[in-house]
Amino acid sequence: MSSSLIPTESLARVGEVLAGPVTVPIDAREAQRYAYAVGDENPIYFDEKVAQAAGYRTITVPPLFITHALVQPKPSNMLREDGLYEDTTSVHLKVSRMMFGGEEWDFFEPVCVGDAITATTRLADLDQKEGSKGPFVRLVRETTFVNQEEQVVARSRQIGIAR
């Protein structure tokens, strides 16, 4: 195998919190705007009686809304040349580029309007692999979402591939 693309100090960060905790209240107006934007007009997102008849406490939200709701606003001076925001939680690697390698989600509890959701992101895994075009690094950021009752409502694992 080639020399390591992962500095020792970066490998030591596995398990470290990279972002958060960040808490936001789940608001009906924003959740419904999101539902319309993604083309999901399920009545459980708009009608309290329908949501309760379906077994929810109140109006619920589309599953991926929680990630949208927790995005923190950033000033335009944090935009890079490529139009993406600077990553202030980056993990140093001996690579020249990073790309999105996929995202996995687990949903455990429904999120309803009025809930307060807290997200914490940690570095879940960092390893080097050998591919057909040479070595690459797989970086996994795991975000855990909990409600006001400390119940885990969802978990996402975002995978980055770096060369």
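In table form, for the structure just shown:
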item	result
Residue in the range 7-21 that is modelled with pLDDT of 80 or more and in contact with a Gly (Cβ under 8 Å, 6 or more places away or on another chain) present	no
Val146 being in contact with a helix residue (DSSP H, G or I) (Cβ under 9 Å, 6 or more places away or on another chain), under 23 Å from Arg57 (Cα atoms) and buried (at least 18 other Cβ atoms within 10 Å of the Cβ)	no
Residue selected from the range 22-34 under the condition in contact with a strand residue (DSSP E or B) (Cβ under 8 Å, 6 or more places away or on another chain) and of a type outside the set (S, T, N, Q), by the criterion surrounded by the most Cβ atoms within 10 Å (Cβ to Cβ)	Ile26
Residue match in the range 40-59 (condition: of a type in the set (Val, Ile, Thr), in a helix (DSSP H, G or I) and either free of Cβ contacts under 8 Å to residues at least 24 places away in the same chain or within 30 Å of Leu139 (Cα to Cα) (or both))	yes
Every pair of residues 6+ apart whose Cβ atoms lie under 6 Å, when the first sits in the range 10-34 and is within 23 Å of Pro62 (Cα to Cα) while the second is part of a loop (DSSP other than H, G, I, E, B) and at pLDDT below 95	Val22/Leu70; Val24/Leu70
For Gln32: the one exception among (1) polar (S, T, N, Q); (2) part of a loop (DSSP other than H, G, I, E, B); (3) modelled with pLDDT of 95 or more	(2)
Selection from the range 90-105 of residues that are of a type outside the set (Gly, Ala, Ser) and outside any loop (DSSP other than H, G, I, E, B)	Met98, Met99, Phe100, Glu103, Glu104, Trp105
Within the range 1-21, tally of residues that are surrounded by 16 or more Cβ atoms within 10 Å (Cβ to Cβ) and of a type in the set (A, V, I, L, M)	5
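The values are calculated or read from the model by the stated rules, or taken from the named source; none is laboratory data. The model shown is predicted, which means the values in this text are computed figures rather than measured ones. Don't worry about glycine lacking a Cβ; one is built from the backbone with ideal geometry, like all the others, and counts go over all protein chains shown.
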